[in-house]
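**Q** What follows is a structure written as structure tokens; I'll ask about it next.
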Amino acid sequence: FPCFTILTMRKVFLMCMLNLSCCHILSDLAADMKQETRGSVVYFEDSVLPKIKMRKLDSTKVRPLKSEQLLCIEDHDFALRPGFGGSPIPVGIDVQVESIDSISEVDMDFTMTLYLRHYWKDERLSFPSTKNKSMTFDGRLIKKIWVPDVFFVHSKRAFIHDTTMENVMLRVYPDGNVLFSLRITVSAMCFMDFSRFPLDTQNCSLELESYAYNEDDLMLYWKHGNESLSTDEHISLSQFFIEEFSASSGLAFYSSTGWYNRLFINFALRRHIFFFVLQSYFPAMLMVMLSWVSFWIDRRAVPARVSLGITTVLTMSTIITGLSASMPQVSYIKAVDVYLWISFLFVFLSVIEYAAVNYLTTIEERKQLKKRGKVQSCFLLPSETMAFDGCYHDTDADMDLTAFSVRSEENATRARAASIPNLAATRIKRKRSLKGNVGRIILQNNHVIDTYSRIIFPSVYIVFNFFYWGLYI
């Protein structure tokens, strides 16, 4: 019995030792599996399990390396600029103007579509490459790295095009050089001077500047100098001719934050004048010339001369009002205002001229009638002293013609009642008398003011046109 007990205890002891050995072996096996995994094949030490081999992993199920892992984005803090604490980082700018969409004189702004490209170097984005090829990304990576915070000074609104995807491109080179490109449409202010409108030339500029980084942290410059600004050959505008595009740079100072680098896209716009010649200048000329017609109309034709003068005045007022509605409300005089208002003055003076002629004629006729002692008869027999249009006349020939007309009508009535053949003879006699006196009556009926106005008004207007076009062109 004692021997059996001793053997049993030995067996139990050996089993415990075997269990402990198995536990150590399994723990060492797990550690080796973690440390000695190479590629897609897992190896185990031959001393532990010489006959155990793991099967290969399926290569189609292995995920590719992410761009963030290749660029080591998680290993750096991209909230800081490259080279933080050192010299300012240079950022080159390259612009290609695609189109100038509109120019607004009322709002004093312009709208431009352009490609904006940034160039800088960030060594944190460098990566190993055997073929020295760059990697291109879309806008999803922009939010995870540092990019320059360039904005447009004096801009009213701007947006990045997003058809069919957001028009943003990021290209990273193995040495850390970065190209960041955007397609943007921006509306910015243009401080215009309309003192020579519409014979003017406007100079506008689009200004670029870093918002947060002053010249101690970021240096903006044109990447290729004057050649950094390029334009499309087919850019054209309906009212303007684009004379030139140029690039320049400067500094801007803010009292609270310091000096900033600023880049300028300058362009000059010369206005096409032909549209305004047809819409404003030519109609104004015609109205002025039309007002001169009244100088050749008989001064007795009051309705004709008055209606002609009022029509030309109202037409000039319409031209001036229509042009002012399409222009900004500036406090100075424009070139077109000078021309239109002087033309309006000529038209207005033609109306005043006839008022003076009519008034002076009436006074002169009354004086002559008083001298002849016919004032009383004038009031008793107005039909003999006033013409059919209500005007007085200052010549004996005119009065004779009026009396002759009345007597001819009376004789014609008597002759018509007496006999029909006498009527034809009376008409022939009256026509011959009128033909002989019409030329003399018209010449005597012209007032001296009308005579001089026919020469003075056109001459002064022609001289004004010579001075005007010579000064503004």
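The values are calculated or read from the model by the stated rules, or taken from the named source; none is laboratory data. Quantities reported herein were computed from a predicted structural model and do not represent experimental measurements. Heads up, the Cβs are rebuilt from the backbone with ideal geometry, glycines too, and the neighbour counts pull from every protein chain shown. When the accessible area is computed, the model is the full protein with side chains, heavy atoms only, and any ligands, DNA or RNA have been set aside. Shrake-Rupley method; radii C 1.70, N 1.55, O 1.52, S 1.80 Å.
**Q** Hey, could you check the stretch 112-129 for residues that are hydroxyl-bearing (Ser, Thr, Tyr) and more than 18 Å from Asn177 (Cβ to Cβ) and say which is nearest to the chain's Cα centre (by Cα)? Explain how you work it out, then say what you get.
**A** If we filter the stretch 112-129 for residues that are hydroxyl-bearing (Ser, Thr, Tyr), which is where we start, we get 113, 115, 119, 126, 129.
Those still in the list that are more than 18 Å from Asn177 (Cβ to Cβ) too: 113, 115.
Working: Thr113: 13, Tyr115: 20 Å.
Of everything passing the filter in the stretch 112-129, Thr113 is nearest to the chain's Cα centre (by Cα).
**Q** Return yes when Ala325 is of a type in the set (Gly, Ala, Ser) and open to solvent by 60 Å² or more (accessible area, probe 1.4 Å) and no when it is not. I'd like the intermediate steps shown before the answer.
**A** Details: of a type in the set (Gly, Ala, Ser): yes; open to solvent by 60 Å² or more (accessible area, probe 1.4 Å): yes.
Criteria met by Ala325.
Rundown of residues vs (1) polar (S, T, N, Q); (2) part of a helix (DSSP H, G or I), yes/no style:
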{"residue": "Leu269", "(1), (2)": "no, no"}
{"residue": "Gln279", "(1), (2)": "yes, yes"}
{"residue": "Pro283", "(1), (2)": "no, yes"}
{"residue": "Ser317", "(1), (2)": "yes, yes"}
{"residue": "Val338", "(1), (2)": "no, yes"}
{"residue": "Ile342", "(1), (2)": "no, yes"}
{"residue": "Leu349", "(1), (2)": "no, yes"}
{"residue": "Tyr354", "(1), (2)": "no, yes"}
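**Q** Inside the stretch 110-145, can you point out the residues that are open to solvent by less than 40 Å² (accessible area, probe 1.4 Å), touching a residue at least 60 places away in the same chain (Cβ under 8 Å) and either under 30 Å from Ala268 (Cα atoms) or part of a helix (DSSP H, G or I) (or both)?
**A** Within the stretch 110-145, Phe110, Thr111, Met112, Thr113, Leu114, Leu116, His118, Leu141 meet the criteria.
**Q** Okay, moving on. Out of all the residues in the stretch 350-363, is one or more modelled with pLDDT under 85 and either closer than 23 Å to Ile449 by Cβ or within 30 Å of the chain's Cα centre (by Cα) (or both)?
**A** Just the residues of the stretch 350-363 that are modelled with pLDDT under 85, to begin with: none.
Checked the stretch 350-363: no residue is modelled with pLDDT under 85 and either closer than 23 Å to Ile449 by Cβ or within 30 Å of the chain's Cα centre (by Cα) (or both).
**Q** Could you say which residue among Leu340, Leu360, Leu369 is open to solvent by 70 Å² or more (accessible area, probe 1.4 Å) and of a type outside the set (S, T, N, Q)?
**A** Only one candidate passes the filter, namely Leu360.
**Q** In the stretch 76-109, what count of residues is obtained for those that are touching a Phe, Trp or Tyr at 6+ places or on another chain (Cβ under 9 Å), small (Gly, Ala, Ser) and either open to solvent by less than 20 Å² (accessible area, probe 1.4 Å) or within 22 Å of Asp232 (Cβ to Cβ) (or both)?
**A** Residues in the stretch 76-109 being touching a Phe, Trp or Tyr at 6+ places or on another chain (Cβ under 9 Å), small (Gly, Ala, Ser) and either open to solvent by less than 20 Å² (accessible area, probe 1.4 Å) or within 22 Å of Asp232 (Cβ to Cβ) (or both): 3 in total.
**Q** Give the stretch 83-109 a look and list any residue that's assigned to a strand (DSSP E or B), under 27 Å from Tyr213 (Cα atoms) and in contact with a Leu (Cβ under 7 Å, 6 or more places away or on another chain), or say none.
**A** Ile89, Val91, Ile93, Val95, Gln96, Val97
**Q** Yes or no: the stretch 103-111 includes at least one residue that is at positive phi and either modelled with pLDDT of 95 or more or under 24 Å from the mean Cα position of the chain (by Cα) (or both).
**A** Taking every residue of the stretch 103-111 in turn, at least one turns out to be at positive phi and either modelled with pLDDT of 95 or more or under 24 Å from the mean Cα position of the chain (by Cα) (or both).
**Q** Would you check which residues across the stretch 291-306 are in contact (Cβ under 8 Å) with a residue 40 or more places away in the chain, open to solvent by 50 Å² or more (accessible area, probe 1.4 Å) and closer than 18 Å to Ile456 by Cβ and list them?
**A** Trp296
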